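Throughout, read-outs are computed from the coordinates displayed, never taken from laboratory work. Note that the coordinates shown come from a computational prediction; the quantities given were computed from them, not determined experimentally. Neighbour counts are summed over all protein chains in view; Cβ atoms, including those assigned to glycine, are modelled from backbone coordinates with ideal geometry.
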Number of protein chains: 2
Amino acid sequence: MADRKKRAGGRSARQAERQRPKALSAAYIKRKIPVYNLLDEESLSLIENNADTILQEIGIEFRGDTEALDLLKEAGADIKGERVRFPKGMCRTLIQASAPKEFIQHARNPERSVVIGNDNMVLVPAYGSPFIRNVEEGRRYATIEDFRNFVKLAYQSPYLHHSGGTICEPVDLPVNKRHFDMVYTHMRYSDKPFMGSVTAPERAEDTVEMAKILFGVDFVENNTVITSLINANSPMVWDSTMLGALKVYSRNNQAVVLSPFCISGAMSPVTVAATSTQLYAEALSGMAFSQLVRPGAPVIFGTFSSSMSMQSGAPTFGTPEPQQVLYIVGALARRLGVPFRSGGGLCASKIPDAQAAYEAANTLQHAMLAGVNFMLHTAGWLEGGLAMGYEKFIMDLDQAGLIHSFTKGVDLSENGFGLDAIREIGPGNHFLGSSHTQANFETAFYRSELSDNNSFEQWEAEGGLDMAQRAQVKWKTMLESYEKPSMDPALDEELQAYINRRKNSFPDQNY
Amino acid sequence: MADRKKRAGGRSARQAERQRPKALSAAYIKRKIPVYNLLDEESLSLIENNADTILQEIGIEFRGDTEALDLLKEAGADIKGERVRFPKGMCRTLIQASAPKEFIQHARNPERSVVIGNDNMVLVPAYGSPFIRNVEEGRRYATIEDFRNFVKLAYQSPYLHHSGGTICEPVDLPVNKRHFDMVYTHMRYSDKPFMGSVTAPERAEDTVEMAKILFGVDFVENNTVITSLINANSPMVWDSTMLGALKVYSRNNQAVVLSPFCISGAMSPVTVAATSTQLYAEALSGMAFSQLVRPGAPVIFGTFSSSMSMQSGAPTFGTPEPQQVLYIVGALARRLGVPFRSGGGLCASKIPDAQAAYEAANTLQHAMLAGVNFMLHTAGWLEGGLAMGYEKFIMDLDQAGLIHSFTKGVDLSENGFGLDAIREIGPGNHFLGSSHTQANFETAFYRSELSDNNSFEQWEAEGGLDMAQRAQVKWKTMLESYEKPSMDPALDEELQAYINRRKNSFPDQNY
């Protein structure tokens, strides 16, 4: 590291980088609307008590990580084998003693830095698909080129605040090396914040090392520049891979999303209250552990909840039961005082049709009202997460735009009330040309670039396209007009040198 | 009427009719969830004050109806020409003195009767389209056969509680006679509650007369069996046609939905607060008038709010601003103490694609949380209401099903919490075969009959259909399996005799 600090371009290049101006849109949403409370405080408190019972009586398994077990034991947990039982209230106390209620995740362009927690909302692309789909090619395995394309599209959108993580799996690259290319792509082709690799502790280390090159060692030591997704192996298991990645990030003061991944009926009971309780218990244990690794390291209470088709066993999306879980768990996160991750344009549909849209909207709109702080899977998700859709991505961006407008709340100023306009126009006339309309129309309504509001005749004359076909035109145009954000060549070189050195340190792996 | 009472089948047939049992599903939704409060009470009170200012200073025009002006003058309003100005609080006082907070709209099958108001929710088909669309035929003018088809489909759905009104315009029938066929179709092909004709006062009279045949004269005098849609001619005008229909229904103790129809930017100012205030003022004046016609006659505070594309002037749907208006106006209705109509599967899309679905869901889900009591346009709406879609109807029914599950709220019983199941399964195992899952899986999750949750491979093997194509199969199957609800032949004969007599009393009209 000392080596890097001395390099010619190094510190000054990074400073110049971090002072670069211009962001065309707000870096994240500051909500001006209240949340929806599905349950009252008494019911929430019942869930908290039951979660305590799970933690105390049944416990959580921390697998394959003796260091974790030692830390937990020292903190007062009861350890039997890999089963960890927590005295009542222990997890909450640990979390509330040190976990931040909100934190800044810095971007290399400081105007893109986001605040995660409280009334803030950060919209993040979908994550983890091995396949992509688009209208032209149908469905096929994803490549690093697809990955770059989605990073470019997310960079260009005013409605996504984050570059995401494994937007899709670049399966054309070796498993043990692809994290370098993914992290580099986020760093180089975007200037928004990004997520780190979690598939092995050493890949998390690589992410942190690359972040130190990009932001500087001192800066990374004192600031959060990476968020990463740590999934629980529900029910009630943290596995060694995830614990390993968690330890790397927390130790480096980087943020982790502790995310139980529950398909009710399979990984949790079929009922909403039970699923919410189990999710909460699992997340509590993970967040508490992170605070033992490094008190004050940022955590996000994450949930991924789906119900299950009782015919096929497949997960279902946009259905009422996970919507209810979303509201309950969001309220529990607020009571605990930590940022909350959930939501997104989830769907089971294979294609960007009406099913995809109903299901996506049914999650997105509720996630908005549930006060989600970190909305993973905002855009692109198809087929239960197996495919990343180019057109779906564009359609979901438009929906993310709606959320920007709704969350601004209602203008109750004199102008907002427009009484003078109503006086001026009076009964039976129209407001099209009124001075109030002229003064406000530019900003009055959210303008979709994808919805067709024209007459039937005009729509037909323009080819009678459906929304997915319009989205196809849009992503192609966006990719054509993409321009890389600038980066000091010395920094870029340093990143690439690190990657080459590391890649050469171990052989290709078949996959 | 004395004549009808004496007829052979008459009274006993009607009694038998009204005692017929079996309803396969709940007649309406009893909400077990709280509403979402977008604004606080203070802000709502500000809107109420501003609406009073509109009513007092600017006033509302009651056009072409001297009887209305006389009634309003007598009640204390200030009349200048057709402009009616209301002293502060007058409308609210009139409404709160006599309008019911909830009322029963009776169906000919008493198990289908619905309660409108308070925590109840009645889902109603879309209304008023001159065109229909389906996958096979594309878009064409609607006929009485289409009308019958939609009545049949609504009758078969467990998720619609109401047969609706002008589901589509049967343009193959003369304008001055088609109301007979529409009302008769609701009466004969369904046993759910229905809406009456409003296109002329005498057509409203015909609706009431036919209802007297179906339900009995005494029953109709003392009970509400018709709901009808009275649109304001926004801004701030009630026209003579609507006032005429209103008077007929209110005088007969039948329900009216007083519905300002506002496209913000055209019929109201572009801002949300202004639109909400104007809608409220308009509806107040209409509801107050109905209470002058007959104190205690049931009213529903209706709104239809859309924003406008500032490029084309066309209405847009599923956008944030009307969502906000929906929450505000719903809260104002609750404060006033009257049932509230809004919402539905609104969209601007010409076809049942992703745009249609995003937009529909973006209204439906918010209407659910806003506590809408009478959800007009729940199913079928396309192209800003110009077309009724067969496939869209089926897709929206599925979405209406979701609402049934969500509004049941969360089961916080011992079974709902499922702690024993979590104890039984423990970390790392699955819940698929647990006794809790076995006991609950039948009812645990909403089951869509239209969403495809299967694997990509299975979906592809089954033809790779999109949701609209699956909906096409579904409505055809439903129509094939449709069976008319029974009706005493004497009643049917009496209805048809009334229709024939009336139809023959005036010549065909070209249209």
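Project the alpha carbons of the range A:400-511 onto their principal axes and report the range along each, largest first, in whole Å.
Per principal axis, max minus min of the Cα coordinates gives 78, 40, 25 Å.
Can you pull the mean other chain C-beta count within 10 Å for peptide A:403-410?
5
Taking the Cβ of residue A:49 as the center, what net charge do the other residues with Cβ under 14 Å away carry, scoring Lys and Arg +1 and Asp and Glu -1?
-3
What FRET efficiency comes out for residue A:32 versus residue A:78 if R0 is 45 angstrom and r is the Cβ-Cβ distance? Round to the nearest 0.05.
The value I calculate is 0.50.
State, to one decimal in nm and shortest first, how far the label point of residue A:79 sits from each corresponding label point in the other identical copies (label point: 7 angstrom along Cα-to-Cβ).
8.8
At what distance in angstrom do the alpha carbon centres of the range B:88-110 and the range B:268-296 lie from each other?
Answer, in whole Å: 15.
What nm distance separates the two modelled labels at residue A:145 and residue A:480, each placed 7 Å from Cα along Cα→Cβ?
1.8
How far apart, in nanometres, would the label points at residue B:136 and residue B:56 be if each is projected 7 angstrom from Cα along the Cα-to-Cβ direction?
6.1
State the antiparallel share, in %, of DSSP beta bridges confined to the protein assembly as shown, rounding to the nearest 5.
40
Within 10 Å, count the other beta carbons around each residue, average over each peptide in B:30-40, B:330-340, B:370-380, A:264-274, and list them highest first. Don't skip to the answer; put the middle values down first.
Working: B:30-40: 18.1, B:330-340: 23.2, B:370-380: 29.5, A:264-274: 27.5.
Output ranking for B:30-40, B:330-340, B:370-380, A:264-274: B:370-380, A:264-274, B:330-340, B:30-40.
Measuring label to label, 7 Å along Cα→Cβ, what does residue B:96 give against each other copy in nm, shortest first?
4.1
Hey, how much of the P(r) for the range B:96-406 falls beyond 34 Å, as a percent of Cα pairs?
13
With +1 assigned to the C-beta of every Lys and Arg and -1 to the C-beta of every Asp and Glu, and no other charges, what is the dipole magnitude of the range B:165-295 about the Cα centre in debye, to the nearest 20?
140
Towards the positive end of the charge dipole of the range B:439-511, with charges on Cβ (+1 Lys, Arg; -1 Asp, Glu), say which of B:467, B:506, B:440 has the farthest Cα.
B:506
Taking 0.36 nm per residue of separation and subtracting the Cα-Cα distance, what length does fully extending residue A:460 through residue A:442 add? Mind dumping the intermediate values first?
Values: separation 18, 0.36 × 18 = 6.48 nm, distance 2.75 nm.
Residue separation times 0.36 nm, minus the Cα-Cα distance, leaves 3.7 nm.
Magnitude of the Cβ-charge dipole of the range B:275-393, K/R +1 and D/E -1, about the Cα centre, nearest 20 debye? Could the numbers behind the result be given before it?
Details: 6 positive and 6 negative charges, 87 e Å.
For the range B:275-393, the charge dipole is close to 420 debye.
With only Lys, Arg, Asp and Glu charged, each at its Cβ (+1 for the first two, -1 for the last two), find how big the charge dipole of the protein assembly as shown is about the Cα centre; round to the nearest 20 debye.
Dipole size: approximately 920 debye.
What number do you get for the range A:350-461 when its Cα radius of gyration is normalised by 2.2 N^0.38 Å, N = residues?
Normalised Rg, Cα atoms only: 1.40.
Can you give the log10 of the normalised intensity I(q)/I(0) at q = 0.16, 0.28, 0.29, 0.30 Å⁻¹, computed with Debye over equal Cα scatterers of the range B:303-348?
Cα-only, vacuum Debye calculation for the range B:303-348: -0.46, -1.01, -1.05, -1.09.
Could you please report the charge total around residue A:416, scoring K, R as +1 and D, E as -1 over all other residues with beta-carbon less than 13 angstrom from its beta-carbon? Please report the intermediate quantities before stating the final value.
On the way: positive: A:32, A:408; negative: A:411, A:414, A:420, B:321.
Net charge in that neighbourhood comes out at -2.
By Kyte-Doolittle mean hydropathy of at least -1.0 and Cα axial length of at least 27 Å, which whole DSSP H helices of chain B are selected?
Length and hydropathy pass: B:272-293.
Report, as an integer, the average count of C-beta atoms from other chains found within 10 Å of each Cβ along B:230-236.
Rounded to a whole number, the mean comes out at 3.
I'd like the distance between the alpha-carbon centres of the range B:240-254 and the range B:437-489, rounded to an integer number of Å.
After rounding, the separation between the Cα centres reads 41 Å.
Which distance in nm do the two modelled labels at residue B:118 and residue A:432 give, with both placed 7 Å along the Cα-to-Cβ direction?
4.6
Between the range A:325-369 and the range A:27-59, what is the separation of their alpha carbon centroids in Å?
Centre-to-centre distance over Cα atoms comes out at 16 Å.
Please report the antiparallel percentage of the DSSP beta bridges confined to chain A, to the nearest 5.
Antiparallel bridges make up about 40 percent of those DSSP assigns within chain A.
Give the nm distances, rounded to one decimal, from residue B:486 to the matching residue in every other copy, measuring between label points 7 Å along Cα toward the beta carbon; shortest first.
For residue B:486, the other copies' label points sit at 8.4 nm, shortest first.
What percent of all Cα-Cα pairs in the protein assembly as shown falls in each 20 Å bin, counting up from 0?
13, 42, 32, 11, 2, 0
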